[in-house]
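For reference, the structure is listed below as C-alpha cells.
The values are calculated or read from the model by the stated rules, or taken from the named source; none is laboratory data. All values reported here derive from a predicted model rather than from experimental measurement. Note that we place each Cβ from the backbone using ideal geometry, even for glycine, and neighbour counts take in every protein chain shown.
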Amino acid sequence: MEYAIELRHITKTFGRVVANHNVSLAVRQGEILSLLGENGSGKTTLMNMISGIYYPDSGEIFVKGKPAEIRSPKDAYALGIGMVHQHFKLIDVFTAVENIALVLDKHEKYDLKAIKARARAICDKYAFDIDLDQKVYEMSVSQKQTLEIVKMLYRGAEILILDEPTAVLTPQETDKLFAVLRNMRADGKSIIIITHKLHEVLSISDRVSILRKGEYAGTVDTDMATEASLTELMVGKKVELNIERPEPVNRHLRLSVHNLSVTNAEGVRVLNNISFEAFSGEILGIAGISGNGQKELLEAIAGLQNVDPDSSVVYFPDDDRDSTAEQLIGKTPKSIRDMGVHLSFVPEDRLGMGLVGSMSMVDNMMLKSYGNGHSIFADRKAPRHLAEEIKESLGVVTPSINTPVSRLSGGNVQKVLVGREIADAPSVLMTAYAVRGLDINTSYTIYHLLNEQKQKGVAIIYVGEDLDVLVDLCDRILVLCDGHNNGIVDGRTTTKEELGLLMTALQENKGGAAR
C-alpha cells in the first residue's frame, strides 16, 4: 500500500500542555480521509505540523515513502502539501487570477495571461465553477473557498488539507464541493478533511481517523461506520445523538421586530425592513449564508447597532401587549438591562465582543455582575463558583479557571461564553453560531441546554449554519437573503434543501411570512 503521507509517533507540546502524543496515522494515495476528534483533541495542531506551521517535538513524517523535514509552509509546498484554512488568505481587491499569481515562486515569470490559462485548465479538469476575472470581494463564500483550492493545485499540491470546508456552505454548495473533491480523488489527489459534521464524513470520505485527548484512537473504513460508532470512538463512551424538540408551552409574544433596517458605515443597507415575532418557550432559527445580515440583526436587537429611524423592536415582559411593552430601539445595552430586560447574547465574535481574552474565566464571569455590588471591592466568590460549574458541566479544557481565555482553543472559548450567558437566567437568549467549532458531544450538550431554556419560557433566537440542526432543533426558521426576510418556515415541515434555496434566491415577496 502506497501512502501519500505517513506520521509515525508524532508528539507536540506547548509548555505543560500536550497537544499530540505518540500519534501515528497514514493517508493513502488517492483517498479522502476525514479527521475527527473533540475540541482540544489535537486535530488542527497535527495538520499544522504537516503544513509546516509547527514542527514536532519528536516523531517522523514520511511523504511518498521518504522521510520529510517540514519546518515551514514553504517546505510543505515543495513536498506537494497545501492547506485551506477556515479563514481564507485572499486579497479582496484582487481578481481570482491575481490572487493565484501571488503563489508564484520568485524565480517564476509573472505572466498574467499564462497564469490565467493554466488556472483555467485546472478549473476545467476538476469542474471548478469560478470566474477568474471576478474580484474577491464580489465572491460568495463557496467561490472564495474554490479559489483557495485552485491556488493550492496551481502550486502543485498533491495532498490537500481542508479545515471545516463546509462550515458556512448551503447544501447545494456542499454538493458541488464534494463533486469536485471526488474528481480530485479520481485524479490521484489525497485529501484530508477536518470536520465535525458526521453525516458529511460518511458521505464523502473513504476512511476516518479519530483523535482523542491528543492521542490516536483508530482509523475505520467509512462504509463500516455510523454516526454513533464514530462519536463513541471520539468520546470514549456512547452518546445519544438525538436533538429533542419539545412542544412550546405557555407560548406568548416576547419580541416584536418591525421594519428593522441597518445601514453600515460604508452606506450599504445590510438589513432591509426585517419584521418578525419571537415567542417565549420557542426557538426561532435564523438561516442564511454568512454575511447576509445575521450579525447585524442580533446586534441591533441588543442595542449595538445604529438602526434606521422607522425601525422598531418592542419587548413584552408578559402577555399584556398594551401596558407593559418596552421599545428597545435607541437604548444602549446597559439601559436595556436597567429596564429589567434580561437579554443574553452570544455574539459571533467570541473574543472581540463576547469575552476579554487577557482575562481569566473567573474575571469574564464578573463582567456580567460587577456592577451589581454595593462595595468598592469586587465579589469574586460567585463568579469563581460559576466558572467552576461551567468548566465541569461543559468540559472546558483549561489548565486553570485563572488561565487567560485567549490561551484556550476556539471551541473551549465558545463553551465559556455560552455557559456564562445561559447562566444569567435570561428571558431572551440570542446566539450567533453557538456550536461553531465545537465537537459533536459538546454541541449536543449545548442543544440540550437551549431546550432547557426553552422549557423555562425563554425566547431563543438561534443563528446557525448547520441546516440539519436548524431543521431538527428550531420551531420556526427565518431565512435571510441579501439582508431581506425571505420567508419564515415551520421547522417541523421544512427541509434543508428548501432552506438552501431560500438562502440563495430572493423571493418577490421579500417580507415573507411575519409570524
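Restricting Lys144, Lys237, Lys176 to residues that are modelled with pLDDT under 95, surrounded by fewer than 22 Cβ atoms within 10 Å (Cβ to Cβ), farther than 25 Å from Val97 by Cα and basic (Lys, Arg) narrows the list to Lys237. Exactly one residue out of Gly288, Gly303, Gly340 is in contact (Cβ under 8 Å) with a residue 12 or more places away in the chain and more than 28 Å from the chain's Cα centre (by Cα): that is Gly340.
Scanning the range 346-381 for residues that are small (Gly, Ala, Ser), under 19 Å from Ala425 (Cβ atoms) and modelled with pLDDT under 85 gives Ser369, Gly371, Gly373. Screening Leu79, Leu36 for residues that are touching a residue at least 12 places away in the same chain (Cβ under 8 Å) and under 22 Å from the mean Cα position of the chain (by Cα) leaves exactly one candidate, Leu36. Just to be sure before I move on: is Asn48 closer than 29 Å to Gln143 by Cβ and either in contact with a strand residue (DSSP E or B) (Cβ under 9 Å, 6 or more places away or on another chain) or in a loop (DSSP other than H, G, I, E, B) (or both) in the structure I sent? Spelling it out, Asn48 is indeed closer than 29 Å to Gln143 by Cβ and either in contact with a strand residue (DSSP E or B) (Cβ under 9 Å, 6 or more places away or on another chain) or in a loop (DSSP other than H, G, I, E, B) (or both).
Scanning the range 218-231 for residues that are touching a helix residue (DSSP H, G or I) at 6+ places or on another chain (Cβ under 8 Å), touching a residue at least 24 places away in the same chain (Cβ under 8 Å) and either among the hydroxyl-bearing types (Ser, Thr, Tyr) or assigned to a strand (DSSP E or B) (or both) gives Thr222, Thr226, Thr231.
Looking at the range 383-414, which of the residues that are crowded, with 19+ Cβ neighbours inside 10 Å and in contact (Cβ under 8 Å) with a residue 60 or more places away in the chain is farthest from Tyr447 (Cα to Cα)? Going through the qualifying residues, I end up with Ser409. Exactly one residue out of Lys12, Lys89, Lys43, Lys64 is in contact (Cβ under 8 Å) with a residue 24 or more places away in the chain, under 30 Å from Val235 (Cα atoms) and out of contact with any Pro (no Cβ under 7 Å at 6 or more places or on another chain): that is Lys43.
When the test is whether a residue is surrounded by 21 or more Cβ atoms within 10 Å (Cβ to Cβ) and either touching a helix residue (DSSP H, G or I) at 6+ places or on another chain (Cβ under 6 Å) or at pLDDT below 90 (or both), Pro317 does not pass it.
Restricting attention to the range 467-490, does a residue exist that is out of contact with any strand residue (DSSP E or B) (no Cβ under 9 Å at 6 or more places or on another chain), buried (at least 21 other Cβ atoms within 10 Å of the Cβ) and modelled with pLDDT under 90? Among the residues of the range 467-490, not one is out of contact with any strand residue (DSSP E or B) (no Cβ under 9 Å at 6 or more places or on another chain), buried (at least 21 other Cβ atoms within 10 Å of the Cβ) and modelled with pLDDT under 90, which makes the answer no.
Of the residues making up the range 256-311, those that are farther than 20 Å from Glu326 by Cβ and among the hydrophobic types (A, V, I, L, M, F, W, C) number 9. Restricting Leu211, Leu241, Leu298 to those that are under 26 Å from Ser409 (Cα atoms) and touching a Lys or Arg at 6+ places or on another chain (Cβ under 7 Å) reduces the list to Leu211. State yes or no: is Ile5 part of a loop (DSSP other than H, G, I, E, B), among the hydrophobic types (A, V, I, L, M, F, W, C) and in contact (Cβ under 8 Å) with a residue 12 or more places away in the chain? Considered against the rule, which asks whether it is part of a loop (DSSP other than H, G, I, E, B), among the hydrophobic types (A, V, I, L, M, F, W, C) and in contact (Cβ under 8 Å) with a residue 12 or more places away in the chain, Ile5 comes out as no. Taking the criterion of being in contact with a helix residue (DSSP H, G or I) (Cβ under 9 Å, 6 or more places away or on another chain) and outside any helix (DSSP H, G or I), the residues of the range 342-351 that qualify are Leu343, Ser344, Phe345, Val346, Pro347, Glu348, Asp349.
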